[in-house]
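Novice: Take this structure, written in structure tokens, and hold onto it; I'll ask about it next.
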Amino acid sequence: MTPSKASTFISRCLSSSVLAALLVSNSFAQTVDPAEKGERIYGNYCMTCHGESLINSGQSFDLRKLKVTEKARFENSVQNGKNQMPPWKGVISASDMQYIWAYIRTLANDKDQVSSE
């Protein structure tokens with residue numbers, strides 16, 4: 001194999017490898033469980049006040065009591081704050097709120113109920 005053919009061959013192999021890696025990582029990213037991602041985000045922003053696994057000392061609202069139909073209430077409270085809770089608008093994105101909601105739904109008191117959304 002001539003040096004130029006070898007160089008072309010190596011370049012094509014590297015391009016194929018990079019493309020394959022991107023496809024695999026993109027495929028993996030699409031299979032992330034929203035509740036698992038929500039749990040990580042919850043841990044960063046919410047756990048200090050609302051407790052580990054949504055279990056708190058009673059000093060803040062028990063998120064497990066949120067009903068499946070109260071998503072708008074949850075979003076409003078996160079964005080605008082409520083009582084002692086500060087507003088998180090501009091800090092927690094709309095998509096991150098959806099992930100947190102998915103996590104809350106896994107531990108909610110009425111978790112077996114399904115939303116019509």
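The values are calculated or read from the model by the stated rules, or taken from the named source; none is laboratory data. Small disclaimer: the values here were computed from a predicted structure and weren't measured. Cβ coordinates were reconstructed from backbone atoms using ideal geometry, including for glycine residues, and neighbour counts include every protein chain displayed.
Novice: Could you name every one of the helices (runs of 4 or more DSSP H) located completely within the range 45-117 that has at least 2 residues being touching a residue at least 60 places away in the same chain (Cβ under 8 Å)? Can you show your working first?
Specialist: Numbers: elements: 47-50, 71-80, 94-107.
Result: 94-107.
Novice: A further question follows. THR69: at pLDDT below 95 and of a type in the set (Val, Ile, Thr), yes or no?
Specialist: On the way: at pLDDT below 95: no; of a type in the set (Val, Ile, Thr): yes.
In short, no.
Novice: With the structure loaded, tell me whether ARG40 is assigned by TED's automatic domain parsing to the domain that holds LEU107 and surrounded by fewer than 16 Cβ atoms within 10 Å (Cβ to Cβ) or whether it fails that test.
Specialist: On the way: assigned by TED's automatic domain parsing to the domain that holds LEU107: yes; surrounded by fewer than 16 Cβ atoms within 10 Å (Cβ to Cβ): yes.
Answer is yes for this residue.
Novice: Which of the residues belonging to the range 63-76 are touching a helix residue (DSSP H, G or I) at 6+ places or on another chain (Cβ under 7 Å) and charged (D, E, K, R)?
Specialist: ARG64, LYS71, GLU75
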